[in-house]
Amino acid sequence: MKATFCDLKRNTGEIKLLPESIDDLWHLSHMIEPMDLVYATTLRSVEAASDKIRPDKLEKRPVRLGIDVDRVEFVPESRRLRVSGIIRDGPDTGLHHSLNLETGYEISVIRRWRRTDLDRIERAVKASLYDAIHIIALEEGEAEICRVRQYGPERITTMTGGSGKTRGENSRHALFESLLTFLTQVTGPIVIAGPGFIKEEFAYYLKNNNIDLFKRVLVVDTQRSGYGAIQQAIGDGVLERVAEDLQLSFEVKAADEIFKRIGRDDPVAYGADEVGRAISFGAAEELIVADSALRNPQISALMEEAESMNTKVLVLSTEFEPGKRIEGLGGIAALLRYKIG
């Protein structure tokens, strides 16, 4: 989750939020309530330009609407949060409309914020997927490295080396070595961007010298070089591609850990009844929930109870194999601090 703007007076006011994953949509479903005012960009039908008295058809165009919320519905199967209400600000004021909120699109929520809501936002922001991403703009003789922050790409360092054509291949190799040394100190995905073929050569170098690092690399082609390559890569949607892969890796690790613990008879619980007992004992460290189970009232109640005890909750999409594995365990499992009898 990104919090891009905040204007509060005595905990009342506007916060702009950018959900990055299905977890963030789930968080929003617990923060947005009836009587809140929510702004988002949506598609509305407008009359197409025509010389006729009556237009031939209605076109749908993006417009920004503010609605007074009367209903919030999380729709995990379509990876959306549906927020319905009466339009207060924008075209067709007074009519009913539903905003279908998705990851990657900013919304603005105006309300009186509880301390628990602000704590929830803080936790979601700290878990931001994008903060773990580094982007390298690579060209002959130079590599510019940025870390993706919530306010944009932050320049970290620039490494230089001679062109392979003018100063020999040893100079390029030295640049590759310097980059490899730096990248072994960072975590998370790495994007290598730029024109030409040197980025592919560096990726091949990584594959031969550090296969684990290579597995975290995404190579993208750009027309621009230097910092412009980084800006173009972001504009072309590379962060969304990487974030989806990163979220999936989180889900794979979570599901794998559940089944490893089951196989070793380590502290773990699965199924609503068993997980409920673990939560009541205060033994649940992290809940792993399949999105298909979110409509189950018993499981929703368990998630609420776990949240109130500051237990981490991870929602897995059943569009992918890790989520389906948790679905097969009754839709919910928990990593425990200790075994319960």
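If you go through region 77-100 and keep only what is assigned to a strand (DSSP E or B), open to solvent by 50 Å² or more (accessible area, probe 1.4 Å) and touching a Leu at 6+ places or on another chain (Cβ under 8 Å), you end up with 80, 82, 86, 88, 89, 100. Would you check if residue 213 is of a type outside the set (Ser, Thr, Tyr), modelled with pLDDT under 90 and within 30 Å of residue 313 (Cβ to Cβ)? Taking the combined requirement at face value, the residue does not satisfy it. Could you list, ordered by first residue, the pairs with Cβ atoms under 6 Å in which the first is in region 81-107 and closer than 19 Å to residue 34 by Cα and the second is in a loop (DSSP other than H, G, I, E, B) and open to solvent by 10 Å² or more (accessible area, probe 1.4 Å), at least 6 apart or interchain? What qualifies is 87/93; 87/95. Mind checking whether some residue in region 42-65 is open to solvent by 50 Å² or more (accessible area, probe 1.4 Å), β-branched (Val, Ile, Thr) and modelled with pLDDT of 85 or more? No - not one qualifying residue is present in region 42-65. For region 275-296, a residue qualifies if it is under 12 Å from residue 331 (Cβ atoms) and surrounded by fewer than 22 Cβ atoms within 10 Å (Cβ to Cβ), and the qualifying residues are 292, 294, 295, 296. Just one of the listed residues (166, 181) is on the phi < 0 side of the Ramachandran plot, among the β-branched types (Val, Ile, Thr), at pLDDT below 90 and assigned to a helix (DSSP H, G or I), and it is 166.
Residue 242 meets the stated requirement of being surrounded by 18 or more Cβ atoms within 10 Å (Cβ to Cβ) and at pLDDT below 90. Among the residues of region 202-227, the ones that are touching a residue at least 24 places away in the same chain (Cβ under 8 Å), open to solvent by 10 Å² or more (accessible area, probe 1.4 Å) and not in a loop (DSSP other than H, G, I, E, B) come to 8 in all. Considering 269, 193, which residue is in contact with a strand residue (DSSP E or B) (Cβ under 9 Å, 6 or more places away or on another chain), at pLDDT 90 or above and either open to solvent by 40 Å² or more (accessible area, probe 1.4 Å) or within 25 Å of residue 323 (Cα to Cα) (or both)? Testing whether each residue is in contact with a strand residue (DSSP E or B) (Cβ under 9 Å, 6 or more places away or on another chain), at pLDDT 90 or above and either open to solvent by 40 Å² or more (accessible area, probe 1.4 Å) or within 25 Å of residue 323 (Cα to Cα) (or both) leaves just 269.
The values are calculated or read from the model by the stated rules, or taken from the named source; none is laboratory data. Predicted model only: the values in this text are computed from it and were never measured. Heads up, the Cβs are rebuilt from the backbone with ideal geometry, glycines too, and the neighbour counts pull from every protein chain shown. With ligands, DNA and RNA removed, areas are computed over all heavy atoms of the protein, side chains included. Shrake-Rupley method; radii C 1.70, N 1.55, O 1.52, S 1.80 Å.
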